[in-house]
């Protein structure tokens, strides 16, 4: 059973949710059966009940629906009837006349907050760690348990949209200020006392929207002020989502359509939109990657099964540039004593100022107290003296991408650090095994590839060298988790996984430019296909000069191995741009102009340097080229065992460089497209644009056998 029933001397029934076999309450088949039985008992004993309290025996109130069960269901009809059945129980709770209180003792999200919305009073323990909200949109869904219908009637259309279309989650104090809960309690005892006090203070209870004089806050859609705002919203959503994410628009439609009809009709409208989304491809992709695969990564599936744990009391960061400074900030924010070393004290101090500026902003926005900010800043020691690295448990090298420089700082740091400590390189392209040659302890040498800006980007790519031990990998994994980042684990290779595949997006965009395709069209295609920015803007951010430097280093390394770097027309583009003095955003001029005032814009000289053809390819053709090249290269990484598993590939592509989240990552994109269909389309691209689109044999085999990536 999911509900425990108890009745006190005042005839107040307390329903305590405590789903067996689960660490948190979720709505699944077992919960549904228990919920129906509980509703029937409430009906049968209605006359003897003074009021009802719904609370939880778990640490959280409720986590929401069982997403794994939802993922398996593909029938829109079954999903619709399931939503309607659940909501029928909630509708009984709010219309049976007896006061019902949601005594919220912990986090209540999704369907876990929809249950309280059906109660007449919502009381929450005042704990800032508690989160309340409806984040279904982040999985491509909408709140299908009455969340859309009730939030609109509680708040009004416009104020409800951030909760519904953005998945806004808030702490209890904010929820109280926004009017979505009624009261705060100090602890569990106070929570139940206030719940009982409310029930004893009223004899009959109903929801505002069931009263005859109810008026929707802010007005209904036909209200002139609301009607003036509504036509703009779809355009704003389209600009934000590029129509790749159906959930925000479906939520808006359900909210607006539901606001002009009675409650029960609005609820059915909501169920229909929910069923359509939940049975659709985008939701399945997003559930698979952001729920199933991300949970597997966070559960440590890529971590070696060793009892060794990473306990880092002191961490060193070499290089106080933007990357090193941001890594130091992440370390200090996690309470770790951090040494930020640069070649000069001035450089180190400048690096520490990076953290100081971030902390000042957090304090000014009320996200952190000054005392807390000062405590974090005190964890960072800026220095030019290698002796300050003494006894570091972990040192992260974040210096320029130069093999000799990295070798020099490795030797210097290893002389000072804890002999059993871990040394990590933040290189984005140079093979870890080659860099480990400079180490006196290659078993303790590993790659920790952060993404810029490291204080904001959620991913860290852990690279295992030829001699890296399992214990070192386990400790590195624990550090990444300790600084609240998402770790993926890959084997050593030039460019590893993320830099190698990310580069194909950029170079394909540059190849299109070299072929006479409009720069504006290329950028538009990149954004429309789901990337955060177009390939030319991204190249400016990375820096053309850095890309040229990496290419030069790669040529030298491959030459030493008796190999050559494959020719690519993108290199002609970078060479021309550098020769013209346009090296990227950092230099103030690249594919874009960066005026001191106003927005950046494409450089007008591009048309002269790369003349546009009269006949331009379709947007879909460009999108396919830039998407398929990334997916094909990912398959190659899997074949070469650079990638160890599918979840790391998908999460790495989304969190690392922003690959279309609505497609579920690079390998899920192939599943979504259809493996057979993908192979057929890739062969067309191979025929038209060259060998880089050649279909890996493993993918041909999967297509023939009807298999997918899992």
With label points set 7 Å from each Cα along the Cα-to-Cβ direction at residue 311 and residue 385, the distance between them in nm comes to 2.9
With label points set 7 Å from each Cα along the Cα-to-Cβ direction at residue 18 and residue 240, the distance between them in nm comes to 4.1
Honestly region 503-643 on the Cα gyration tensor test (a ≥ b ≥ c root eigenvalues; a/c under 1.5 rounded, otherwise a/b vs b/c for prolate or oblate) is just oblate
The FRET efficiency for residue 586 and residue 420, from their Cβ-Cβ distance with R0 = 30 Å and rounded to 0.05, is 0.20
Descending packing, highest mean Cβ count within 10 Å first, for 683-690, 541-548, 62-69, 398-405 is 62-69, 541-548, 398-405, 683-690
Everything considered on the Cα gyration tensor (a ≥ b ≥ c; rounded for a/c under 1.5, else prolate if a/b is larger than b/c, else oblate), region 237-281 must be described as oblate
Counting only DSSP beta bridges with both partners in region 3-279, the antiparallel fraction in percent, to the nearest 5, comes to 25
Bridge orientation stat for the chain from DSSP, antiparallel percent rounded to 5, came to 25
With label points set 7 Å from each Cα along the Cα-to-Cβ direction at residue 607 and residue 202, the distance between them in nm comes to 6.6
For region 314-492, the percent of all C-alpha pairs falling in each 5 Å bin, from 0 up to the bin holding the max distance, is 1, 9, 19, 23, 22, 15, 6, 3, 1, 0
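Antiparallel DSSP bridges in region 314-492: what percent, to the nearest 5?
So the antiparallel bridges in region 314-492 amount to around 15 percent.
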Taking 378-385, 8-15 and ranking on average Cβ neighbours within 10 Å, highest first, one gets 378-385, 8-15
A student asked for the Cα radius of gyration and Dmax of region 3-279 in angstrom ought to give 18.0, 58
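Once you keep just the Cα pairs under 8 angstrom separated by 6 or more residues, what percentage relative contact order results for region 3-279?
Relative contact order, region 3-279: 20 percent.
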Expected unfolding gain across residue 262-residue 456 under the 0.36 nm per residue rule, minus the alpha-carbon gap, is 65.4 nm
The rounded separation in angstrom of the Cα centers of region 71-146 and region 407-458 is 47
Note: residue 687 to residue 554 extended length (0.36 nm per residue) minus current alpha-carbon separation gives 45.1 nm
Scoring region 314-492 by relative contact order with C-alpha pairs under 8 Å, at least six apart, yields a percentage of 20
Scoring the chain by relative contact order with C-alpha pairs under 8 Å, at least six apart, yields a percentage of 9
Per-residue ellipticity at 222 nm attributable to helices in the chain (runs of n ≥ 4 DSSP H, -39500 (n - 2.57) apiece, nearest 500 deg cm²/dmol) works out to -15000 deg cm²/dmol
Of all C-alpha pairs within the chain, those more than 35 angstrom apart amount in percent to 53
Mean Cβ-within-10 Å packing, highest first, puts peptides 214-220, 519-525 in the order 519-525, 214-220
Rounded to 0.05, the calculated FRET efficiency for the beta carbons of residue 596 and residue 697 at R₀ = 51 Å is 0.45
Per the 1/(1 + (r/R0)^6) rule, R0 = 25 Å and r from the Cβ atoms of residue 40 and residue 6, FRET efficiency to 0.05 is 0.90
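Bear in mind these aren't lab numbers, they're just calculated from the coordinates by the rules spelled out. Quantities reported herein were computed from a predicted structural model and do not represent experimental measurements. Neighbour counts are summed over all protein chains in view; Cβ atoms, including those assigned to glycine, are modelled from backbone coordinates with ideal geometry.
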